[in-house]
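This report concerns only the one structure given below.
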Amino acid sequence: MARFGIALPALAAAMHLVRPDGRVYPGADAIPELLRLFPGKRWLAPLFAIPGVLPLARRIYARIAIRRHCLVRSIPGR
């Protein structure tokens with residue numbers, strides 16, 4: 001995704017949210033941004049500003065991302 005300045009290894013490691021203004025949020029950093037887009041979920045986004053929440057979310061995301069290929073294979077029809 002050279003258009004957005006995202007290296008291929010980074011794309012393989014995590015999903016990326018690209019905002020219309022060009023800002024890029026990788027992995028767990030995208031969660032509060034995504035929550036702000038969903039009515040009824042916006043109230044959850046400020047929770048990520050609590051010290052320790054985003055680092056914890058990043059660790060959890062990393063553990064899931066490492067296994068995502070295994071998770072996808074276990075979905076019927078894939």
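In the range 13-46, the residue that is nearest to Arg3 (Cα to Cα) out of those that are hydrophobic (A, V, I, L, M, F, W, C) and part of a loop (DSSP other than H, G, I, E, B) is Met15. Screening Ala28, Ala12, Ala49 for residues that are surrounded by 12 or more Cβ atoms within 10 Å (Cβ to Cβ) and free of Cβ contacts under 8 Å to residues at least 60 places away in the same chain leaves exactly one candidate, Ala28.
All of the numbers you see were taken from the coordinates with simple rules; none came from a lab. Predicted, not measured: the structure shown is a model, and the values here were computed from it. Because the Cβ atoms are built from the backbone with ideal geometry, glycine has one as well, and the counts that use them run over all protein chains shown.
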